[in-house]
1. Identify, please: which residue in the stretch 195-226 is open to solvent by 60 Å² or more (accessible area, probe 1.4 Å) and hydroxyl-bearing (Ser, Thr, Tyr) and is, among those, modelled with the highest pLDDT?
2. Residue check: is Ala240 in a strand (DSSP E or B) and buried (at least 18 other Cβ atoms within 10 Å of the Cβ)?
3. Return the residue satisfying two criteria in turn: it lies in the stretch 355-378 and is in a helix (DSSP H, G or I) and of a type outside the set (Lys, Arg), and of such residues it is nearest to Tyr73 (Cα to Cα).
4. When only residues in the stretch 77-127 that are part of a strand (DSSP E or B) and charged (D, E, K, R) count, which is least open to solvent (accessible area, probe 1.4 Å)?
5. Out of all the residues in the stretch 343-354, is one or more part of a loop (DSSP other than H, G, I, E, B), open to solvent by 10 Å² or more (accessible area, probe 1.4 Å) and either free of Cβ contacts under 8 Å to residues at least 24 places away in the same chain or out of contact with any Lys or Arg (no Cβ under 9 Å at 6 or more places or on another chain) (or both)?
6. Being touching a strand residue (DSSP E or B) at 6+ places or on another chain (Cβ under 6 Å), crowded, with 17+ Cβ neighbours inside 10 Å and not polar (S, T, N, Q): is that true of Pro380 here?
7. Restricting the stretch 349-391 to residues that are under 16 Å from the mean Cα position of the chain (by Cα) and polar (S, T, N, Q), which is farthest from His173 (Cα to Cα)?
8. Would you point out which residue out of Ala232, Ala253 is open to solvent by 40 Å² or more (accessible area, probe 1.4 Å) and either part of a helix (DSSP H, G or I) or within 17 Å of Gly183 (Cβ to Cβ) (or both)?
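The values are calculated or read from the model by the stated rules, or taken from the named source; none is laboratory data. Predicted, not measured: the structure shown is a model, and the values here were computed from it. Glycine gets a Cβ as well: all are built from the backbone with ideal geometry, and neighbour counts include every protein chain shown. All accessible areas refer to the heavy atoms of the entire protein, side chains included, with ligands and DNA or RNA removed. Shrake-Rupley method; radii C 1.70, N 1.55, O 1.52, S 1.80 Å.
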Amino acid sequence: MNRALRLLAVAVTIGVTLSACSGKASTPSSGPTGEIKTDVGVSGNRISLGVLTDLTGQFAPLATELTNAEKLYWEQRNAAGGVCGGRFQVDLDVRDHGYNVQTAVSLYASMKTKSLVFEQILGSPMNAALSADIQKAGIVTLPASWAPVLLKNPLMTVVGTTTDLEVVNLLDHLLDQKTLAAGDAIGHIYFEGELGESGLIGAKKVSAAHNLKLVEAKIKPTDTDMTAHVTAMKAQGVKAIVLSTSSGPLASAAAVAAAEGMQVPLLGNTQTFAPGALKTPGGAYLKSHFLGAQPVSPFDQPASKAVLDKYLSKYPGTNPTLQISYGWARADVMRQLLESACAAKDLTRQGLVKARQSLTKVDTGGLAAVLDYSTAGAPPTRESYLMKAADAPGGLVLEKGPYRGADAT
């Protein structure tokens, strides 16, 4: 081989190597949708989406159903042809952080080089810790969290309204029903940290707007006995108690309220209620006094009932929660993001960012309220499904919704 040919061979080899290692967009071979630019997380006809969740920590029961629903959605979607006109199949890369922030940070570092976007990052502390890098890396993410601070990151794609507005909607509903009036006292039991204190923002907003006296009780996530807090609130004459906690404190508060002969509503954010609370000593009180806010419709509504039937066919014997419908709705939002990016012939991370900004009406077929991601810094909806506790699948039935209170601005 002469010198010129040797140099040409070296140049070709270097070019191929750099192309394989580069993070720049590449173009798969033409298919039914034509040429589509791709980069991280797309190989051949496979799209990889990251799922960073809690399968062994304190939210494992809910997170497992959420993740299983997302997996089932893509299993059925792939069987029906996948996305982008049948061009791509979707895979979920599921990792367990055990509700540990450091574990989540470590897992994320390895996953972000392999996943196009994150379909799920569960937990307010985890999303807060990762938010800056997610924005820097340009990775569209669907957090399994409703903290209002996430709206500051234009790539965080919250499905549903935020925690503060859930509380606003719950309290506004009681004001609409004349259960509360100006001058009344309300209690709020909330976890320290982003989850609980986000709910408190909503309680303060409604209290200021309607001259309500707010009695606060900040607790740790490990606190389970609400006796002191509920009895103190009874002494101050509260007409309702909001809980921005998990289901353990809710069950305790219901038992104490019943024992004290109270007749006040207990209100809860999305993560506050779990069906198991109805089997505790406070269960009867919850059935007559609990009202919760959720991002998706309950199983007594057709859209969620259809999802539940599919889920139980795959996972028989499950004691279902609304995380099933929520997971399905989230996966459908992701599908619409991918389809929008494919329509623009750009399935790169930057293409997904543009697709996310273009979504002005995301309809999940009645699972969630219609979502609009076009306004930076705003929640995609200000509506909630308000639900009563009942002996029904998921433990909840519809009271009203999608509902937006007058103060949900």
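1. Here the residue is Thr224.
2. Yes.
3. Ala355
4. Of everything passing the filter in the stretch 77-127, Glu119 is least open to solvent (accessible area, probe 1.4 Å).
5. yes
6. Yes; evaluated as a whole, the condition is true for this residue.
7. The qualifying residue farthest from His173 (Cα to Cα) is Thr364.
8. After ruling out the rest, the residue left standing is Ala232.
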